[in-house]
Each structure stands twice: as structure tokens, then as C-alpha cells.
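Notes follow the structure.
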Amino acid sequence: MTRIIWIIAAVLVTFTVGYVGYSRYLTRFVELDEDAETPAHKYEDGQEYVPSKKSVLLGHHYSSIAGGAPIVGPITAGAIWGWVPALLWIALGNPLMGAVHDFVSLSGSLRHEGKSIGYMIGEYVGRSGKNMLLWFAFLTIMLVVAVFALVVGIVFNKYPQVVTASLLYIGLALVFGVYLYQFNGPFIPGTVLFVAGVFAAVWVGLQYPLALFAGDYPAGTIVLLGGDGSWVPGAAALGGNTAGWIPVVMIYAAVASALPVWVLLQPRDYLSSFLLYTGVGGAVVAIIVGTVLGTSTDPLVIDSSIGAFEGFWGVEGAGLAPLFPLLFITIACGTISGFHSLVSSGTTAKQLNNETDARLIGYGGMLGEGLLAAVALSTLAVAGFADPEGGIGAALPNFAEGGGMILTSLGVPATVGEVFMALVLCSFLLTSTDTAVRLGRYMMEEIVGTPAGRTDTGLNLSIRSIVRGRYTNPIVQIIPAYLLVVSGQWVVLWQLFGGANQLLAALALLTATVWLANWDDNKQLVSTGVPMAIMVTITVLGLSILVFYENLYLNLIQGGAATVGATISSGVQMLLGLVLIGLALALVRLGYKNIRTVRRGPEPSAVEPGDD
């Protein structure tokens, strides 16, 4: 039988070649200069623009970009089409497309005062293009907040031990921020002390699990509220405990996004990065050790329920699921993610201490997410997966259970390893959620106009101030996100999130291509232009299937939407899908027009005929 170590080996080889070779070329290509002043220094305000140590910023960036999608996507795609197609897209697409996307988004933002990709494209194609992209990004952010809060609620319900550990490490991060930035405590001793505290929080979580409402939990779980939570909005579809955690997570994200980055975001992401590195790196080491020494409790081989290749249309029962384009959209963040362009050109660009740090943080950070996707695929392979249509609810337990089996290679009990991997997943999600809310504020600040280095509290109650305010904008985001989740249409949210996220990646690559074309006539456009064309094609085809086949044909013409609510939902999906397609094509047209103009030069003026 095939051993899962081949999945990790393939990824490590291609990622190493990409980082050592291609990222070095890209660093020279965009002319990163270690002596140049970065936006973090130019606009330093102690709030958003804060120069950060490379290791701290890498922890924040990696924690922010890695969420549930690079876990759910590879697991679901591997189960439907087989582990080989999923592995190939991760191993090849990540260093050639995803890491390039993140790197050029970060590098471009550095040259545009730490502004977002929306601002960047507006510099070259005009205000209409800028506003289209910014509004699209803002709406995508709300989908991200809704989906990630939902997934955190699912994990908290499945593993109440994770709730306690998460609360403790957030508290530790607040103290660590004060220790570093207010008391100027020594960095390395503080790191050792507080990282030890994070891992101690894992042990405390195992001893004292925490839940909101009664349910089927481990012995000793502390239940905070009486009853089963059936009165909570969304409880009928999600269960009382899951539905109860969702608003708690959203409120946390709103508060965290309004705080200065040094208070919680930087120290928490830095501390949690050690948890994340241990989870991903520990799984990789465990696979190698378990394969070589045979120390795992279960053989680390690919389960018979997972095929190498299940055919172009996937396993029976998955419905119409053509490998092209749906595999690429399903895997999503494991290979390329538009959300990363918002992180790179949003929070990360405002904290970069040195331009040359962009290579490790932008390109290397995305390779780290690809490694997470490979680990997720490995957990699927070793544990098996009988329900490829189960989506979020089926994929998340698979990651924890498979991860627990893998960690037994290092002598970790399977039950402990399972909870630890669930905590790793939750750490990714929590950091991504509140970073997303902060990014949504940045998008709105650029839409309504806010000078670089300045923020608005939003408390003077004017509409313009409220929608961009540090304290009020998060409310503008989380209320509609919460309503979307509790409406019962969260499955729709996941589909739209996937399509919108991949489309945003295409538009970020378009932005980078336009920037390079305007920067220098001799700059090659292949590195960004080819991935952009591929992603536009994949996304438009994928959204077309969602619009015309799943909704128009199956739900409306064939009567699959049996209720009035389902019919309305299908109509909304069709409308949003068509808007996304139209937006993409309109922006591609504007970008192509700009590139053609700057590369051809101005049209020659007409010459008046001479007298003779």
C-alpha cells in the first residue's frame, strides 16, 4: 500500500525548489531594497503602522492567512477526485501561483504606501475600477467572517477542551503585548515564558473543557448556561451550543479588530504561531518518524477508501463534479487564496520592518499554508473519508482524528493528539477572523477616503464616520455576517466564499500585472499574467456551473427548490454569481486596456499635410 510520506515528500521538494530559486528571482525582479523606508516606518502611528520583527510578523501573517479552507478544501477534493490530483495542484500550483500571488500583493503594497490592492489598481485604471474591487473585497470579507465564525463554532462544540485553551492563550497574548511594548521586556526570555504558557493552556483545556449549553461532551465539562440552547437563533440547523458560540466569536473579532495591533494582534499571532508550527511541523516529523521507525499505532498508509484518481467526474454520489474547474476551486486556499492579498496588502504591509522581509513572509508564508494543506490531505489519507459530500461538518473531525493518529508516532496518545490538532485548527480560524474584520475596515476607509496614517473612531455619528470608524465599522460587518449564518443558508455561504475568494485571487494577480506593466516597459508579465488568466478561467467556469446548472437548471427548471425559501435562495445565488462574473470580466477588461496602452505607448498625433 502507498505510504502517506510520499504526499509530504512531493510537497517538500517542490516547495524547496520554489523558495530557493523562484522566490530569489522574484525578489530581484521587484527590486526589494533593504535600505528603503517602508510604510511602517514612514507612517508609524502605534495603531496600524507598527514596524515589527520579522519573526513576529511572520507569525501574524501565517496565522492570519491560514484558516479552515486549506484543511476542508484538500480533504473534500481528495475524497471526491482522489489524492493524486489534489496533491499535484498543491505541490505545483502553490509555488508557481499562490506564493507568487501573496508575494507580489505584499511587494506592490509596499510601493503604494501600504495601501490595498483596490487602491493599487485604482492608480492605473481609475476610480471606478478601484471602487469595484474594494466593494468586492469588502463583501468577500463579510463572507469570510461568517464562514470562519461558523467553523469555530463547530470546532468549539465538537471539542470543548479547545474553548478553555483558546481563552487562556488570548489572555496570555494580552499580557505579552503589555510586557513587550509597555515594559520593554526582553524578547527571547519573554518568548520562552509565554510560549510555555500557551502549551500549558492546552493541558488546562484537557482538564477543564468548557461549553455554553448541555450536550454530549467529555466528562468534567463545565457548562455555563442552562438548557440546550434551542432558543438561540440558528440552533435548529446547527445545534444550540454551536449556534451560541458564533456570536461570541464575532463579538471577539469585532473587539480585537478595534484594538491597536500591539495590544493583541501581534503578540497573539506570534504566540499562536508556535502552536501552529508545532502542529504542522509536528505532523510532518511524525509522518517521517512513523514511516521510518514504525512507531505509530496505525500504519501510515493511504486508506483503501481513498482512491489515487476517482475519475474526471469524481466519486459516485458527489453530483455533477467535473475535476476541471471544481477541484481547483474546492482546494482553494491550499494553493491560492484571494483573502491573502488582503492580508498582505492590508495588515502585513503596514508592519513590514524591511522590504527584503517580504520574501520570507509573503512567498514563504504561503508555502507554509501549502504544507498545512498537504498535512490535511495526509490526515484524510490515513483516516479514510466515507462522506465526500459532508463538507465542513465531516472534514473538520477528519483532520483532528487523522492528525491524532499521525501524532502517535511521537508517543502522543491519540486522544490528546486529536484535541491538540483541533486547537491548531481553531488557532488558525480565530486569528483569521479578527484579521478579516480589521481588513474590512481598511477596505471601507479607502472607499470613503481616509488619509494614510490616520484612523477615525466612528463616534461622531456621521454616516461617513460610522462606516469607516475603528469602533463602528466592525458592527457594520458582523451584523450582516451573523444574519447570513443564522438564516440557515450557510452551505450557500461556503460555495459563494469559495468562488469569491478565488475570483479575488485572479483580481489581485491582475492588479500586480497592471502595476508591473506601468512600472517598467521591460518588466515581464508572465509570472503574474499567466496565473491570472488561469484563475479567471477557472473561477468564471466554476461560478457558471453554480449559476446555470445547480441553480437555474436543477433547482428552478427541474424543481429541486421545493420551497419558496429554497427558490429565493437559488435566485440570490444566481444573482450574486452573475455579479461576480460580470465584475471579474469588467476589471479584466479595464486592466487589459491599461496594459495595452502603456506597452504600446501613446497613439501618434495626426500630422497636418504640407503645402506642397
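The table for this structure:
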quantity: Condition broken by THR528, with the remaining ones in (1) closer than 29 Å to ARG28 by Cα; (2) open to solvent by less than 60 Å² (accessible area, probe 1.4 Å); (3) modelled with pLDDT under 90 satisfied; calculated: (3)
quantity: Criterion: within 30 Å of VAL514 (Cβ to Cβ) and at pLDDT below 90 - qualifying residue of LEU541, LEU576; calculated: LEU576
quantity: Pairs, first free of Cβ contacts under 8 Å to residues at least 40 places away in the same chain in the stretch 12-29, second acidic (Asp, Glu) and in a helix (DSSP H, G or I), C-beta under 6 Å, six or more apart; calculated: none
quantity: Cβ pairs under 9 Å, 6+ apart, first in the stretch 324-338 and more than 18 Å from GLY364 (Cα to Cα), second aromatic (Phe, Trp, Tyr) and outside any helix (DSSP H, G or I); calculated: PHE324/PHE312
quantity: Neighbours by Cβ (under 8 Å, 6+ apart or cross-chain): first from the stretch 344-371, more than 16 Å from VAL20 (Cβ to Cβ); second small (Gly, Ala, Ser) and open to solvent by 10 Å² or more (accessible area, probe 1.4 Å); calculated: GLU355/ALA36
quantity: Enumeration of residues in the stretch 72-129 that are closer than 20 Å to ILE447 by Cα and not in a helix (DSSP H, G or I); calculated: ARG111, HIS112, GLU113, GLY114, LYS115, SER116, GLY126
quantity: Every pair of residues 6+ apart whose Cβ atoms lie under 7 Å, when the first sits in the stretch 81-105 and is under 13 Å from TYR19 (Cα atoms) while the second is modelled with pLDDT under 95 and of a type in the set (Phe, Trp, Tyr); calculated: none
quantity: Any pair with Cβ under 8 angstrom, 6 or more apart, that starts in the stretch 258-283 at a residue that is surrounded by 24 or more Cβ atoms within 10 Å (Cβ to Cβ) and ends at one that is part of a helix (DSSP H, G or I) and of a type in the set (D, E, K, R); calculated: LEU265/ASP434; LEU265/ARG438
quantity: Condition check for ALA308: within 30 Å of SER544 (Cβ to Cβ) and among the aliphatic types (A, V, I, L, M); calculated: yes
quantity: Hey, VAL100 of a type in the set (Val, Ile, Thr) and under 30 Å from ASP303 (Cα atoms) or not; calculated: no
quantity: Selection from the stretch 226-248 of residues that are within 30 Å of VAL178 (Cα to Cα) and in contact with a Phe, Trp or Tyr (Cβ under 8 Å, 6 or more places away or on another chain); calculated: TRP245, ILE246, PRO247
quantity: Failed condition for GLU37, given (1) open to solvent by 60 Å² or more (accessible area, probe 1.4 Å); (2) touching a strand residue (DSSP E or B) at 6+ places or on another chain (Cβ under 8 Å); calculated: (2)
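Yes/no per residue for (1) under 20 Å from THR335 (Cβ atoms); (2) open to solvent by less than 60 Å² (accessible area, probe 1.4 Å):
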{"site": "GLY469", "(1), (2)": "no, yes"}
{"site": "GLN502", "(1), (2)": "yes, yes"}
{"site": "LEU507", "(1), (2)": "yes, yes"}
{"site": "TRP519", "(1), (2)": "no, no"}
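The values are calculated or read from the model by the stated rules, or taken from the named source; none is laboratory data. Just so we're clear, the structure is a prediction, and the values are computed from it rather than from any experiment. So basically every Cβ, Gly included, is an ideal-geometry build from the backbone, and we count neighbours across all protein chains shown. These area figures cover heavy atoms from the full protein model, side chains too; ligands, DNA and RNA do not enter into them. Shrake-Rupley method; radii C 1.70, N 1.55, O 1.52, S 1.80 Å.
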